[in-house]
1. Right, Y461: of a type in the set (S, T, Y), open to solvent by less than 90 Å² (accessible area, probe 1.4 Å) and in the same structural domain as C496 (by the TED database) or not?
2. For segment 227-265, what are the residues that are open to solvent by 60 Å² or more (accessible area, probe 1.4 Å) and in contact (Cβ under 8 Å) with a residue 40 or more places away in the chain?
3. Here is a list of conditions, (1) at negative phi; (2) loosely packed, with under 13 Cβ neighbours inside 10 Å; (3) free of Cβ contacts under 8 Å to residues at least 40 places away in the same chain, and N500 meets all of them except one; can you say which number that is?
4. Provide a single number: the residues in segment 306-325 that are touching a strand residue (DSSP E or B) at 6+ places or on another chain (Cβ under 9 Å) and not in a strand (DSSP E or B).
5. Within segment 83-104, track down each residue that is in a loop (DSSP other than H, G, I, E, B), open to solvent by less than 60 Å² (accessible area, probe 1.4 Å) and under 16 Å from K139 (Cβ atoms).
6. Which condition does S234 not pass, out of (1) touching a Gly at 6+ places or on another chain (Cβ under 9 Å); (2) farther than 24 Å from K324 by Cβ; (3) small (G, A, S), if it passes all the others?
7. Condition check: in a helix (DSSP H, G or I), under 25 Å from Q349 (Cβ atoms) and of a type outside the set (D, E). Does M225 satisfy that?
Amino acid sequence: MQKKLFLSYLIIITLVLLISITSFWSRGYEFIDQQGQDYYIMQAQILADTFEKENFEGKAAYNDFIMEYSKKYDIRITLIDSLGNVVGDTTQESLENHATREEVAKALNGESVVVNRYSQTMGQDYSYSAVPVNTDEFKGVLRISVPLDEIATLDENLIKAIATTTFLSLVIVCIAAFFYSRILAKPINEITNAAEKISEGDYNIKIYTDETDQIGILAGAFNSMTKNLRTTISALTQRNTELEAMLSSMASGVVAIDDGSLILFHNRSFMDITEAKEEDLNGKSLYSIVRSSVIFDVLEGVKQSNETEVREGILNVSINKIIKVTATPISLSAGQSIGILLILDDITQIRKLENMRSDFVSNVTHELKTPLTSIRGFIDTLKNGAIEDKAVAHKFLDIIDVEAERLFSLIQDILLLSEIESKKDKELMTCRVDKTIGEVIELLRPKITENVELIYEQDSYVRPYSCNPDRMKQLMINLVDNAIKYTEQGTIKVECKEENNKLLLRVSDTGIGMAGEHLSRIFERFYRVDKGRARKQGGTGLGLSIVKHIVELYGGRIRVDSEENKGTTFEIRLPY
């Protein structure tokens, strides 16, 4: 900016100087030329007046007069009579008739004149000044001549003076223009630097100036602009941060695309659901990221109807997921569509839970129906006369009692499982788990046959564990009771230890075991490996499910290893 101002000032001032100098030279030259002519005319007139007052004795005296004043004034003097004959000349040469010379002719007519022309006699340009002379003895013209090179020398001196003055003026003007442009450009440079910093994201810049003219007004307006920008950017940044925080905290996947299906923005949940990477999303087409017909269908539906579309379907990723897709058009206030907003909800677990609930209801209904049908059948038989036969009646009543007990156990297990699943256990206390296990073994010992040996191993000291003693007792009853039921001959081993700051509980047996395909499902409600055997043993099908939920209630982990006809081992680790 300073360079442009400097060059502008320099060009303008230079042009002004050149115009001024040209005008000055033109007028000055004319003035000097006119003054020179007036001077030479006056000089010639003075010589003529002096000539007219002199008393000459013969023509020889004319030459003396000419030579005297020629030397005195360093000029050439020529005396010409009325016929144009040269009476006397400073050069002392014999000259031709001068009657036809312009200046002589005019002087003979009574004019005082100056003429510049080339002298054939002297071989150079001369300025001739001629005036008329009238005495009693002589009538003619007195002419003085000055070489034009003297005038040219004067002109050259004048030109040199003007050139020197012009150069010095230009130097002074350049220095003045440099400093003035620097002073003028300083606030402009400050504004430029401030604008560059703003473009780099620094909105705290401020311009300080003492100027009160337009530059000062511009600086003030710029400061107001930066303040407004700072406020606006701060508000937008805060809003953007809040929006990003909300989008990031959403469990639903959110993605916005433009009319060309290019991704505008997305949240973390969208990446988790689609298993896409950050570098694969920015500025890419949604069609190149996901492979799901339900997403494609819902996008086409929104483009055609320009209304919100909701659909469910399968998303093909590493593990197929069931997703719910909600697509809404993004429109400006004028109604112009600029893209589509997609919200993806992973409802795989919800559908799984719904299926589990449906299966649970079906299983509960079946499990309740079986004993109830048996009870009703025997009651009808008793009503139809079997009650009269005491032996048969007692047998039927015993069966009804067993089925009623089974029904009661089933309902109790269902209520217990529901209570545990609520994950609310307020009856926490310090529990000696090793002693609780001892009590469970003594409680179940009557069920152990003579072909089964039960071994209980424990550390010399097991740190007390904070839990609900009833929950821990229920857990161990279910595990040990299962081991007794499915071990007709062999060994049952129960262990209680402290290992790596965790309570380790292990129940292993050498019973019938189970095949590997059952291991992933044995903790499901009402799942039985051998349904006939389980019912015969009086199981409800909820025991292991209760065990798993109690372990998860205390943040523990359960693992099962089993091999058919070799036995089963359950291992539980509960953190202190």
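The values are calculated or read from the model by the stated rules, or taken from the named source; none is laboratory data. In this text the structure is predicted, and so the values were computed from the model without any measurement. Every residue, glycine as well, gets a Cβ built from its backbone with ideal geometry; the counts of neighbours run over all protein chains shown. When the accessible area is computed, the model is the full protein with side chains, heavy atoms only, and any ligands, DNA or RNA have been set aside. Shrake-Rupley method; radii C 1.70, N 1.55, O 1.52, S 1.80 Å.
1. no
2. Matches in segment 227-265: A251, D259, L264.
3. Tallying (1) at negative phi; (2) loosely packed, with under 13 Cβ neighbours inside 10 Å; (3) free of Cβ contacts under 8 Å to residues at least 40 places away in the same chain, N500 fails exactly one: (1).
4. So the count comes out to 4.
5. Answer for segment 83-104, where residues must be in a loop (DSSP other than H, G, I, E, B), open to solvent by less than 60 Å² (accessible area, probe 1.4 Å) and under 16 Å from K139 (Cβ atoms): G84, H98, A99.
6. With (1) touching a Gly at 6+ places or on another chain (Cβ under 9 Å); (2) farther than 24 Å from K324 by Cβ; (3) small (G, A, S) applied to S234, the lone miss is (1).
7. Working: in a helix (DSSP H, G or I): yes; under 25 Å from Q349 (Cβ atoms): no; of a type outside the set (D, E): yes.
For M225, the condition - in a helix (DSSP H, G or I), under 25 Å from Q349 (Cβ atoms) and of a type outside the set (D, E) - is not met.
Residues checked against (1) part of a helix (DSSP H, G or I); (2) buried (at least 20 other Cβ atoms within 10 Å of the Cβ); (3) modelled with pLDDT of 90 or more:
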residue: G511; (1), (2), (3): no, yes, yes
residue: E517; (1), (2), (3): yes, no, no
residue: V529; (1), (2), (3): no, no, no
residue: G532; (1), (2), (3): yes, no, no
residue: G539; (1), (2), (3): no, yes, no
residue: V560; (1), (2), (3): no, no, yes
